[in-house]
Amino acid sequence: MLEIEMKFPVTDLAAVVARLVELGARPGATREEADHYFNAPHRDFAQTDEALRIRRIGTSNRVTYKGPRRPGPDKTRSEIEVALGDGDETFADFARILTSLGFRAVAVVSKRRAGYELHRDGFDMEACLDEVDGVGRFVELEILAPEEALDKARAVLQDVAHALKLVDSERRSYLEMLLLASAR
């Protein structure tokens, strides 16, 4: 599956919520997420535009690999995600496996995320209202779709972004923005 997403900086999250409700979006859970990113010993993910992270939501742990971004106005890339066992010990053990193999911890992206579910033109879409520590507030629109539906999914994302009055799409990841802000 491909992850097709668009991200927009916003100042007024309440206005976006009102528009989402008008579009029929259903609110989901609000959660705290901590994304622990790692770099490989055999290639630099910053250069290859890949990502490897362990996402922690409460005691839940998931490992995710994201392939290089494809050209276009959105951020499209392959994504493989696997659930790990719950708990601090599982997280620490898996992080220790990675570092034992030569991977190194890069940064932790912490955010508060309020999710909304929306069905549009045959696609299930998630709209996430994110407050990212050290980076800012964003709305992220995401569809998971097979390769053959890429063009249609992109069009749906752009239509919803327009309906939500979102402008100035941001193609950088939260990790890239955090590292840039930390370097200043």
Original post:
Which one is nearest to PHE38 (Cα to Cα), of the residues in region 143-184 that are outside any helix (DSSP H, G or I) and out of contact with any strand residue (DSSP E or B) (no Cβ under 9 Å at 6 or more places or on another chain)?
Top reply: ARG184
**OP:** Take the residues in region 57-69 that are in contact (Cβ under 8 Å) with a residue 24 or more places away in the chain and out of contact with any helix residue (DSSP H, G or I) (no Cβ under 6 Å at 6 or more places or on another chain), then tell me which one is farthest from GLU170 (Cα to Cα).
**Re:** THR59
**OP:** Read through the list (1) of a type outside the set (Lys, Arg); (2) within 24 Å of THR48 (Cα to Cα); (3) assigned to a strand (DSSP E or B), then give the number of the only condition that VAL139 fails.
**Re:** (2)
**OP:** Looking at (1) in a helix (DSSP H, G or I); (2) surrounded by fewer than 19 Cβ atoms within 10 Å (Cβ to Cβ); (3) not basic (Lys, Arg), find the lone condition where ALA107 falls short.
**Re:** (1)
**OP:** Search region 63-72 for residues being of a type outside the set (Val, Ile, Thr) and within 16 Å of the chain's Cα centre (by Cα), and hand back the single one that is farthest from ALA149 (Cα to Cα).
**Re:** TYR65
Subject >> Every residue from region 166-175 that is of a type in the set (D, E, K, R), surrounded by 11 or more Cβ atoms within 10 Å (Cβ to Cβ) and in contact (Cβ under 8 Å) with a residue 40 or more places away in the chain >> reply: GLU170, ARG171
Original post:
For region 143-165, how many residues meet the condition of being surrounded by fewer than 18 Cβ atoms within 10 Å (Cβ to Cβ) and either under 21 Å from GLU79 (Cα atoms) or in contact (Cβ under 8 Å) with a residue 40 or more places away in the chain (or both)?
Top reply: 12
Subject >> Conditions (1) surrounded by fewer than 18 Cβ atoms within 10 Å (Cβ to Cβ); (2) closer than 30 Å to ARG184 by Cα; (3) of a type outside the set (Val, Ile, Thr): number failed by HIS119 >> reply: (2)
Original post:
Among (1) surrounded by 13 or more Cβ atoms within 10 Å (Cβ to Cβ); (2) within 23 Å of ASN61 (Cβ to Cβ); (3) among the charged types (D, E, K, R), which single condition is ARG96 missing?
Top reply: (1)
**OP:** Take the residues in region 8-66 that are among the basic types (Lys, Arg) and assigned to a strand (DSSP E or B), then tell me which one is surrounded by the fewest Cβ atoms within 10 Å (Cβ to Cβ).
**Re:** ARG26
**OP:** Please specify each residue of region 71-88 satisfying the condition of being modelled with pLDDT of 95 or more and either part of a loop (DSSP other than H, G, I, E, B) or not polar (S, T, N, Q) (or both).
**Re:** ARG77, GLU79, ILE80, GLU81, VAL82, ALA83, LEU84, GLY85, ASP86, GLY87, ASP88
Subject >> Subset of region 40-75 (residues that are more than 20 Å from LEU141 (Cα to Cα) and of a type in the set (S, T, N, Q)) >> reply: GLN47, THR48, THR59, SER60, ASN61
**OP:** Say whether the condition of being touching a strand residue (DSSP E or B) at 6+ places or on another chain (Cβ under 8 Å), touching a residue at least 12 places away in the same chain (Cβ under 8 Å), farther than 20 Å from GLU140 by Cβ and not hydroxyl-bearing (Ser, Thr, Tyr) is met by at least one residue in region 22-35.
**Re:** no
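The values are calculated or read from the model by the stated rules, or taken from the named source; none is laboratory data. These figures come from a predicted structure and were not determined experimentally. Note: ideal-geometry Cβ built from the backbone for every residue, glycine included; neighbour counts use all protein chains shown.
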